[in-house]
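The values are calculated or read from the model by the stated rules, or taken from the named source; none is laboratory data. What you see is a predicted model, and the numbers here were worked out from it, not measured in a lab. Cβ sites come from the backbone with ideal geometry, for glycine too, and all protein chains shown count toward neighbours. SASA here: full protein model, heavy atoms, side chains in, ligands and nucleic acids out. Shrake-Rupley method; radii C 1.70, N 1.55, O 1.52, S 1.80 Å.
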Amino acid sequence: MHVFPYLVAVYIFLAGCLGLATSRNLIHAVGCLSVCQCATYVLLLAVGYRDGGTAPVFSDLKPGTRPLVDPVVQALTLTDIVVGATVTALLLALVLQIAKRHGTVDPDELMELRG
């Protein structure tokens, strides 16, 4: 099993977390959160990868002769992409409403939201 895709997923996740922690703009924070979620795409594809694997279509080969790629992992990755796009759109819509009501997207200037 290769470690490189897992290290890439960790690096992407940590880069997104660093950007999220140092962000002074809500739009930048939403983008960094999307980068964090992109790490899950790499992680899911790394879990489902098989050396020499083929698609699980048995029309031209007998079962058990070659390694097959798990299609469930690919379906989960596509579902993750759709959910990520939906969450990003919702967060950007909320940032747009905050910008309209408060006139800023800087989290430090949003005093009315503090408890």
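Restricting attention to the stretch 64-99, the residues being closer than 13 Å to Tyr41 by Cα, touching a helix residue (DSSP H, G or I) at 6+ places or on another chain (Cβ under 6 Å) and open to solvent by 60 Å² or more (accessible area, probe 1.4 Å) number 1.
When restricted to residues that are of a type in the set (Asp, Glu), touching a residue at least 60 places away in the same chain (Cβ under 8 Å) and open to solvent by 40 Å² or more (accessible area, probe 1.4 Å), the stretch 100-113 contains 1. Does the stretch 41-57 include one or more residues that are more than 30 Å from Val3 (Cβ to Cβ) and either in a helix (DSSP H, G or I) or at pLDDT 95 or above (or both)? No; the residues of the stretch 41-57 include none that is more than 30 Å from Val3 (Cβ to Cβ) and either in a helix (DSSP H, G or I) or at pLDDT 95 or above (or both).
Beta carbons closer than 7 Å, at least 6 apart along the sequence or on distinct chains, never pair a first residue in the stretch 68-94 that is in contact (Cβ under 8 Å) with a residue 24 or more places away in the chain with a second that is in a helix (DSSP H, G or I) and surrounded by fewer than 12 Cβ atoms within 10 Å (Cβ to Cβ).
Set side by side, the residues Thr86, Thr104 differ, and just one is modelled with pLDDT of 95 or more and not acidic (Asp, Glu), which is Thr86. Which of the residues belonging to the stretch 1-28 are over 16 Å from the mean Cα position of the chain (by Cα) and assigned to a helix (DSSP H, G or I)? Selection gives Phe4, Ala21, Leu26, Ile27. For the stretch 16-46, the tally of residues that are open to solvent by 70 Å² or more (accessible area, probe 1.4 Å) and among the β-branched types (Val, Ile, Thr) stands at 2.
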